[in-house]
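Novice: Quick one: structure below, then a few questions.
The values are calculated or read from the model by the stated rules, or taken from the named source; none is laboratory data. Since we're looking at a predicted model, the values are computed, not measured. Using ideal geometry, Cβ is built from the backbone for each residue, glycine included, and neighbour counts are taken over all protein chains shown. Ligands, DNA and RNA are excluded from the accessible area calculation, which covers all protein heavy atoms including side chains. Shrake-Rupley method; radii C 1.70, N 1.55, O 1.52, S 1.80 Å.
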Amino acid sequence: MQALPSRNIANGPMDAAPHMRLSRVSLVFPTGTKALTDVDLVVEHGQFVAIVGPSGCGKSTLLRVIAGLETASSGTVDAPTRGVAFVFQDANLLPWRTIRANVALPLELAGDHTAGARVEDALRRVGLDGFFDQYPHELSGGMRMRASLARALVTRPRVMLLDEPFGALDEITRYRLQDDLLTLHAELGFTALFVTHSVFEAAYLADRVVVMSGRPGRVVGDLPIHLDRPRSASLRTDPAFGPVVQSVTDVLRAELT
Amino acid sequence: MKPAAWLAPIGLLVAVMLAWQLIVTGLDVPKFLVPAPTDVFAAAVQHGGALLTGTRTTALESLAGFASSAVIGTAFAFVMTRSRLLEQSLVPYAMFLQTVPVVAVAPLFVLWFDVGFGSVAASSFIVAVFPVINAAAAGLRAVEPDHRALFVLYKASRWQTFWRLEAPSAAPYLASGLRSASGLAVIGAVVGEFVSGYTEGNAGLGTILLSANRQMQTSLMFAAVLCCSLTGLAMFGAVSLGARAFLGRWHAAAR
Ligand SMILES: Nc1ncnc2c1ncn2[C@@H]1O[C@H](COP(=O)(O)OP(=O)(O)OP(=O)(O)O)[C@@H](O)[C@H]1O
Ligand SMILES: [Mg+2]
């Protein structure tokens, strides 16, 4: 028997309880596409979880369900409904707003019009000092993604949902943004769900890597990453790093074949 | 602009005028069939006062038609895109109205608004309003799904979503709709004058065209046509500049 779809509200940290819990979540689109089947996922407060899986397996759909942008067809989703930020693959900035106005948007929508200092603070945190009054098309892809991160951070979210945020960036920029994201995570302590195609990126960033099957997506692997924090650039060439990446790759490859 | 960008078309104009003059005088073409550029110029000077008044009259009528089409067209598109049901109910009628020829309905406007400004502005409006509706509706529907997701995520109200998302998304579309409407408004006004323009003191360009045609004053007709084009161009230019200023620095990236 399948549980009716439901969405329980779990706002605010209750230390014992996990930050989010998905039980037997399935989603069928009106087109008939089965995007998710029986996804079970428990995420603790402050955890950094990476999600990998073959293309089209429902990773974005899973994040959208957690964000409340999509409703599960069945199963239960226990996730906060407030204090959730979403970072999209292409920075998803509004082209008619300056960087400053883009970052101010979430505060504006919450009715907070006196937030200039918080906006500038968020932009400084992501290293965008001096670009406040540029328009998105006047910035590089990496800078746009930084602005997108600042927009997500400006509300001081407890949950960051990131959908392949660095996928379109060149390698150097991606490394830099990965390191900045780790620093922000350490400082601010949010819970992060990070979708990526790169096993390397997943292992570098996360406490846990969740592996999804091909469509319809299920969770087929859940690997803890036992690497010390804080992690820094030298880890990428550390002898201990290779085997960790290999272990994730093995699970993913088993799924792909 | 580089000099070539404006020198080239002016050079072409001069060449065409010269050729035109030489051919018409060389072949001795009758003036009432095709006047030479010098004849057109002479007619323009001779009827300068009437042409100026006519241009002003037609420009004001076009402006009224354009402004009302901008306001009413945008409002119509807004209502139309509020719900699927509204859109499905309204689109067929919008299409139907669009296929009604102005010349056919202009006499009706005379009944409703009397001869003169009101009925001519109404003709101008009818011709200009559909590009505005089409463009504004397309713009309001063209919101990026991920932009919308952002507004859903932050629990924006309908009002916030309209002013901060839908209206700016539609703006570049609306701007191009208004550009087409500005030229069409002049055409609608001239056609309206053919049917219902006034004849006394401040006759518009359409009225001048009609009476010059009856009197075989072909040179004056050419001059009046030129004034129509200039009026259309001026409106188009003003709307383009206005749109560019309104869209600001973003226009470089806008569609
Ligand atoms: N709104 C929608 N309507 C119908 N089908 C959809 C919709 N959104 C996604 N899908 C389908 O659901 C499946 C999962 O899509 P999803 O975008 O979640 O995959 P993904 O794992 O994020 O893929 P990728 O790695 O390529 O980003 C795909 O087959 C996709 O075509
Ligand atoms: Mg995706």
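Novice: Hey, could you check the stretch A:170-197 for residues that are away from ligand 2 (no atom under 16 Å from the Cβ) and assigned to a loop (DSSP other than H, G, I, E, B) and say which is nearest to the other protein chains (Cβ to nearest Cβ)?
Specialist: Ranking the qualifying residues of the stretch A:170-197, first place goes to A:Phe190.
Novice: Are any residues in the stretch A:47-68 more than 11 Å from ligand 2 (Cβ to nearest atom) and either without any contact (Cβ under 8 Å) to a residue 12 or more places away in the chain or on the phi > 0 side of the Ramachandran plot (or both), and if so, which ones?
Specialist: Within the stretch A:47-68, just A:Gly68 meets the criteria.
Novice: Sticking with this structure for a sec: Sort out which residues of the stretch A:69-86 are assigned to a strand (DSSP E or B) and on the phi > 0 side of the Ramachandran plot, and write them in order of number.
Specialist: We begin by selecting, within the stretch A:69-86, every residue assigned to a strand (DSSP E or B); these are A:74-79, A:84-86.
Listed by number, the list holds a single entry, A:Gly75.
Novice: Kindly list, by first and then second residue, each pair from a residue in the stretch B:63-89 that is more than 16 Å from B:Leu184 (Cβ to Cβ) to a residue that is outside any helix (DSSP H, G or I) and open to solvent by less than 50 Å² (accessible area, probe 1.4 Å), limited to pairs with Cβ atoms under 8 Å and residues at least 6 apart or on different chains.
Specialist: From the stretch B:63-89, the pairs are B:Glu87/B:Thr81.
Novice: Pick out the one residue from A:Arg124, A:Arg118, A:Arg146 that is assigned to a helix (DSSP H, G or I) and closer than 20 Å to A:Thr196 by Cβ.
Specialist: So the residue among A:Arg124, A:Arg118, A:Arg146 that is assigned to a helix (DSSP H, G or I) and closer than 20 Å to A:Thr196 by Cβ is A:Arg146.
Novice: For the stretch A:146-168: of the residues being within 16 Å of ligand 2 (Cβ to nearest atom) and away from every other protein chain (no Cβ under 14 Å), which is least open to solvent (accessible area, probe 1.4 Å)?
Specialist: A:Phe166
Novice: Could you please give the count of residues in the stretch B:91-137 that are in contact (Cβ under 8 Å) with a residue 12 or more places away in the chain and either open to solvent by less than 20 Å² (accessible area, probe 1.4 Å) or in a helix (DSSP H, G or I) (or both)?
Specialist: Number of matching residues: 31.
So that you can scan it fast, the table gives a plain yes or no per residue for (1) farther than 30 Å from B:Ile72 by Cα; (2) part of a helix (DSSP H, G or I):
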residue: B:Val143; (1), (2): no, no
residue: B:Ala175; (1), (2): no, yes
residue: B:Ile187; (1), (2): no, yes
residue: B:Val191; (1), (2): no, yes
residue: B:Ser211; (1), (2): yes, yes
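Novice: Now a separate question. Which of (1) open to solvent by 60 Å² or more (accessible area, probe 1.4 Å); (2) not in a loop (DSSP other than H, G, I, E, B) is the odd one out, the single condition B:Lys31 does not satisfy?
Specialist: (2)
Novice: How many residues, within the stretch A:72-101, are more than 19 Å from A:Gly127 (Cα to Cα), among the β-branched types (Val, Ile, Thr) and within 12 Å of chain B (Cβ to nearest Cβ)?
Specialist: Adding up the residues that qualify gives 2.
Novice: If you scan the stretch A:102-130, which residues turn out to be of a type in the set (Gly, Ala, Ser) and away from chain B (no Cβ under 14 Å)? Please lay out each step first, then the result.
Specialist: Within the stretch A:102-130, the subset of a type in the set (Gly, Ala, Ser) is A:104, A:110-111, A:115-117, A:122, A:127, A:130.
Correct list: A:Gly116, A:Ala117, A:Ala122, A:Gly127, A:Gly130.
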